[in-house]
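Accompanying notes for the structure given below.
The values are calculated or read from the model by the stated rules, or taken from the named source; none is laboratory data. Note that the coordinates shown come from a computational prediction; the quantities given were computed from them, not determined experimentally. Cβ sites come from the backbone with ideal geometry, for glycine too, and all protein chains shown count toward neighbours. The area values use the complete protein model at the heavy-atom level, side chains included, leaving out ligands, DNA and RNA. Shrake-Rupley method; radii C 1.70, N 1.55, O 1.52, S 1.80 Å.
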Amino acid sequence: MSNILEIKRLTVEYKVPEGVIKALDKIDLYVKKGEILAIVGESGSGKTTLAHSIARLLPKNARIVEGSIIFHTRKGPVDLTKISEEEMRKIRGSMIGMVFQDPMTYLNPVMKISDQIIEGLISHKKISKKDAEAKTLDLLKKLRIPNPEYVAKSYPHQLSGGMKQRVIIAMAMINQPDLLIADEPTSALDVTVQAEILELFKELRKEYGVTIIIITHDLGVAVRIADRIVIMYAGKIMEIGDVREVFKQPLHPYTQGLLGSILSISENVRKGFILKGAPPDIFNPTRGCKFHPRCPFVMRDICINEDPPLFHVGNERYVACWLYRGVSS
Ligand code: ATP
Ligand code: SF4
């Protein structure tokens, strides 16, 4: 399977009155065409910054200090960090769709649903209003929205939370993008609706072959939907692998701790997975391995002084930990 996205040494900083926050630190990552990739980590680990970097939606106080984001379009590769805002606008919405946590931030409360979806279509393609309306209705049906004609004519406040999120997904999918980035798309929803939305993402991949990056703090969401998982901590990638393999045998001590947080206490004790200590201080980044102050396996002096690279330890498995230095394949 070829790659749709290749991120190399991506480093992003935010300028704040107190100083500079390094939100992403030399991220290396590829995304395969047609896969569902989950990016998981605690709050502040840099997940949203990564999503916003790809879509070039970073706020004004952010700066890409280093690195590249190669996006393989149908016409060839482009470095998303280098192209103009005008070129990026064309890509966003037509080739890259975005779904965010809170639908109301992106829905206009005084505009009918169909008009909001059509707007995204018309701004990227030459299409008559009648055809755009027909296409919108067709998509709402494909997204299994009950009574699509009613939903199309509704205003956002007339719809439930789950339905609003489906509309946002429709807006993101209307131009049949190659890549869909969903940032915590189900966090605000109750469990049943969450399951339906996750199922919908899987159907979209099957129907349109769209590649999906899903950002979540919820390991349960990742295991339910993803093919591969990326574990982030303090702006770094700690582990990458097939989601089932990572769950079966987490290699990085942080992944072990993170998984421990969803296991029963007896299982934790048996496996020795317990995440102790405080999350990293954003203004005083740790030297060496970012996880070393909390790591039960910390080794002097290497872990304290040297940041481990991502070691390739097996079939699509990568771990940023000195414990795996010799295992590199
Ligand atoms: P969450 O799940 O809480 O959104 P996250 O893993 O998505 O967390 P980011 O939101 O990417 O993490 O944040 C990474 C770091 O960058 C954090 O230390 C955060 O405080 C900082 N940060 C994020 N956005 C901004 C901003 N606009 N200005 C300054 N700092 C920011
Ligand atoms: Fe722990 Fe060292 Fe591995 Fe970091 S590099 S996770 S401190 S063993």
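Per-structure values
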| quantity | calculated |
| --- | --- |
| Only listed residue being of a type in the set (Val, Ile, Thr), at pLDDT 90 or above and either more than 16 Å from ligand 2 (Cβ to nearest atom) or part of a loop (DSSP other than H, G, I, E, B) (or both), chosen from Val246, Val298, Val269 | Val298 |
| Cβ pairs under 9 Å, 6+ apart, first in region 179-193 and in the same structural domain as Ile214 (by TED's automatic domain parsing) and outside any strand (DSSP E or B), second aromatic (Phe, Trp, Tyr) and open to solvent by less than 10 Å² (accessible area, probe 1.4 Å) | Pro185/Phe201 |
| So Leu58, is it closer than 23 Å to Pro280 by Cβ, open to solvent by 40 Å² or more (accessible area, probe 1.4 Å) and either modelled with pLDDT of 95 or more or in the same structural domain as Arg244 (by TED's automatic domain parsing) (or both) | yes |
| Verdict on Val40 being more than 17 Å from the chain's Cα centre (by Cα) and either surrounded by fewer than 22 Cβ atoms within 10 Å (Cβ to Cβ) or within 10 Å of ligand 1 (Cβ to nearest atom) (or both) | no |
| Qualifying residues in region 74-104 (those that are assigned to a loop (DSSP other than H, G, I, E, B) and among the hydroxyl-bearing types (Ser, Thr, Tyr)) - the one farthest from the chain's Cα centre (by Cα) | Ser84 |
| Scan of region 170-187 for residues that are of a type in the set (A, V, I, L, M, F, W, C) and more than 16 Å from the chain's Cα centre (by Cα), ordered by number | Ala170, Met171, Met173, Ile174 |
| Members of region 1-31 found to be open to solvent by 30 Å² or more (accessible area, probe 1.4 Å) and more than 16 Å from ligand 1 (Cβ to nearest atom), listed by number | Met1, Ser2, Asn3, Glu6, Lys8, Arg9, Asp28, Tyr30 |
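Per-residue answers, yes or no, for (1) within 16 Å of ligand 1 (Cβ to nearest atom); (2) under 25 Å from Lys8 (Cβ atoms):
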residue: Ile282; (1), (2): yes, yes
residue: Pro285; (1), (2): yes, yes
residue: Lys290; (1), (2): yes, yes
residue: Cys295; (1), (2): no, no
residue: Arg300; (1), (2): no, no
residue: Leu310; (1), (2): no, yes
residue: Val313; (1), (2): no, yes
residue: Val327; (1), (2): no, yes
